[in-house]
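The structure under discussion appears below in the form of C-alpha cells.
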Amino acid sequence: GEINGIVAIPLGLALAIASGVPPIYGLYTSIIAGVILAFFGGVELGVSGPAAAMSLLLLGIVTQYGFTGALMVGFLAGVIQIVLGITGIGRVVKFIPYSVVTGFTTGIGFLILFTQLNNLTGITATADNPVGKLSVVLTHLNQTNLAAIILALSTLALVFFIPRLSKKIPAAFIALAITTIAAVVLSLPVQAIGEVPSGLPVFSIDFLDLSKIRELLPPAFAIALLASIESLLSAVAADGMIGTKHSSNKELVGQGIANIVLPFFRGIPCTGVIVRTATNINNGAKTRLSALIHSLVLILVVVFFAQFVELIPLAVLAGILVVTAIHLIAFDEVKYLLADSKSEVVVFLATVGSTLFFDLTTAILIGFSLAGLVFIKKISENVSVTL
C-alpha cells in the first residue's frame, strides 16, 4: 500500500495535467477511488485511479464543456456504470473486439505524445489538433528550452533504467524526485506546476446541472464504456496474477459509486488500473487494506507536502507521460491480429487513425462499426444454409 501510494503521486499529477485539470485533482481522484473500491470493488487486490486511456477523452470534454461540465459527465458515467453492473449488461464488455480496444489505446498513446510536445520542448506556441501541435513545434524549434528537454529525457531514462536494478523500486517516483531536486538546486529555467492547494478537497455540488443531462449523455456513455473496459481488463489481469475470480458486476457497481462520488470532491473519472493493481500484487498485497493504505499515503502528501509538489517541473511530468504513452502504443500486437485475419488489422489501423483525427467518441463508434462489419463478413463466409 505504501509503495502504491508513492507510485500514484507522479501518475496522478501527470494524468490530471493530461486531462486538462489542475494536477492536485489527480491525487484527490486516487485517494477517493482507492477508498471506495476497497469496500465496493469486485477485484480483491485491485487499485483504482485516473487512467491514461481516459485522460485524452477527458481533455476533449474539458475543452468543450468546461471543468464543471466534465464533472457532470463523470457523475452521469457513474450512474451508467451502476446500471450496467446491476442489470448484468456489463458482462458484454468482454466481447468488445480486441482490435478496437488496442487500436483505441494505441491512438490515445500517440495523442498523449502530441499533447506533451510543448512541455517536453518548452515551446509555448501550440495548436488544437495533433498534427498541428507537431507542426507548430517543428516550426518553432528556435524557441526550444534545452533545460526542459534535458529534464524530460533524464526522467525517461531513469524510468526505463531503474526497473533493471529492481522491479520493486517505484521508478516513476524516484525519477521525479531526482530530476525535481536537480532542477531546484541548479535553478533551471523551466516551468513548474506552480501553486498547489494543501489540505483535503471540500464537498461541493456546484457542478450539478440537470438541464444539461441530454447534452452530456453521449460523452458520459463514452467515459462509462471506456472506464468499464479498462476496469474489467485490469480485473482479468489480477485474476491471472493471483488465481482469483473477480465479480464483473460488483466491480462495475463499485466503479460507478466512485465516479458518482468523485465530482463532489473535484475528482475526475476513475477506473481500475492495471499498472497500480499489478504493483499492489507484486509488492505483497494480501487484502483490500493495501488500497486503503495507498490512499492514506496520498492524504499525507496532500495535507503536509503540497509545497514540494509545487516545485515539480512540467517537463518531468511530460517525461513520465511519454513512458505511459509508449506502454499504450501496441503495434507489436499487429502480428497477433494478422494471425487472426487481415481485416482485424484494418479495424485496428482505422481505429488508430480515427482516434488521431476525430474526437474520441467518434473513434469508438467507427471502431465498433468496422468490427461489426468484419464480424458479419466472417459469419457470411462460415455459415451455409441447406434447403
*asked:* Could you work out how much longer the chain between residue 169 and residue 89 gets when fully extended? Use 0.36 nm per residue separation minus the Cα distance between them, nm to one decimal.
replied: 24.9 nm
*Does anyone have the angle between helix 24-40 and the longest principal axis of the chain? Alpha-carbon axes, 0 to 90°, nearest 10?*
50 degrees
*In a shell of Cβ-Cβ distance under 13 Å around residue 221, excluding residue 221 itself, what net charge do Lys and Arg (+1) and Asp and Glu (-1) give?*
0
*So how tilted is helix 342-357 from the main axis of the chain? Cα-based, degrees 0 to 90, rounded to 10.*
40 degrees
*When the dipole is taken about the Cα centre of the chain, and only Lys, Arg (+1) and Asp, Glu (-1) are charged at their Cβ, what size is it in debye, to the nearest 20?*
600 debye
*Give me the percent of the accessible area of the stretch 1-95 that comes from carbon and sulfur atoms, probe 1.4 Å, all protein chains in place.*
69 percent
*Roughly how many Å² is the accessible area per residue of the stretch 31-118, as a whole number, for a 1.4 Å probe?*
32 Å²
*P(r) of the chain over all Cα-Cα pairs, binned every 10 Å from zero, in whole percent*: 5, 23, 34, 26, 9, 2, 1, 0, 0
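In debye, nearest 20, what is the charge dipole magnitude of the stretch 211-260 about its Cα centre with +1 on Lys and Arg Cβ and -1 on Asp and Glu Cβ, if you could check? Please report the intermediate quantities before stating the final value.
On the way: 4 positive and 4 negative charges, 32 e Å.
So the magnitude is around 160 debye.
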*Under the classification rounded if a/c is under 1.5, otherwise prolate if a/b is larger than b/c and oblate if not, where does the stretch 241-305 fall, given a ≥ b ≥ c as square roots of the Cα gyration tensor eigenvalues?*
oblate
_How high is the relative contact order of the chain? Use alpha-carbon pairs under 8 Å, at least six apart in sequence, and give a whole percent._
37 percent
*How high is the relative contact order of the stretch 304-377, in percent, counting Cα pairs under 8 Å that sit 6 or more residues apart?*
19 percent
*Return the distance in nm (one decimal) between the two label points of a simple spin-label model at residue 202 and residue 305, each offset 7 Å from Cα along Cα→Cβ.*
2.6 nm
*Given charges at Cβ of Lys, Arg, Asp, Glu: the chain dipole, positive-most of 61, 123, 268*: 268
*Between residue 296 and residue 127, what is the FRET efficiency for a Förster distance of 56 Å, r being their Cβ-Cβ separation, to the nearest 0.05?*
0.85
*Across 5 Å bins from 0, what is the distribution of all Cα-Cα pair distances for the stretch 127-166, in whole percents?*
6, 19, 15, 16, 18, 12, 7, 6, 0
*Proximal charge balance of residue 290 [Cβ under 15 Å; K/R count +1, D/E count -1]*: +2
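For the stretch 82-241, go through all pairs of different Cα atoms, get the mean of 1/r, take its inverse, and jot down that Kirkwood value in Å.
20.1 Å
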*Helix 2-18 axis, angle to the chain major axis (alpha carbon atoms, nearest 10°)*: 80 degrees
*Please find the FRET efficiency linking residue 326 to residue 40, where r is the Cβ-Cβ separation and R0 is fixed at 35 Å, and quote it to the nearest 0.05.*
0.60
_Multiplying the sequence separation of residue 178 and residue 245 by 0.36 nm and subtracting their Cα-Cα distance, what value in nm do you get?_
20.2 nm
*In a Gaussian network model over the chain where Cα atoms closer than 10 Å are linked, find which of 223, 32, 193 has the largest mean-square fluctuation.*
193
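Based on the Cβ-Cβ distance from residue 287 to residue 139, what FRET efficiency comes out when R0 is 56 Å, to the nearest 0.05?
0.55
Suppose every Lys and Arg Cβ carries +1 and every Asp and Glu Cβ carries -1, with no other charges. What dipole size does the stretch 155-270 come out with about its Cα centre, to the nearest 20 debye?
400 debye
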*Find which of 35, 322, 305 sits farthest along the positive direction of the dipole of the chain, computed with +1 on the beta-carbon of Lys and Arg, -1 on that of Asp and Glu, about the Cα centre.*
35
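The values are calculated or read from the model by the stated rules, or taken from the named source; none is laboratory data. Just so you know, these numbers come straight off a predicted model, no measurement behind them. So basically every Cβ, Gly included, is an ideal-geometry build from the backbone, and we count neighbours across all protein chains shown. Each accessible area value is taken on the protein alone, full model and side chains, heavy atoms only, with ligands, DNA and RNA left out. Shrake-Rupley method; radii C 1.70, N 1.55, O 1.52, S 1.80 Å.
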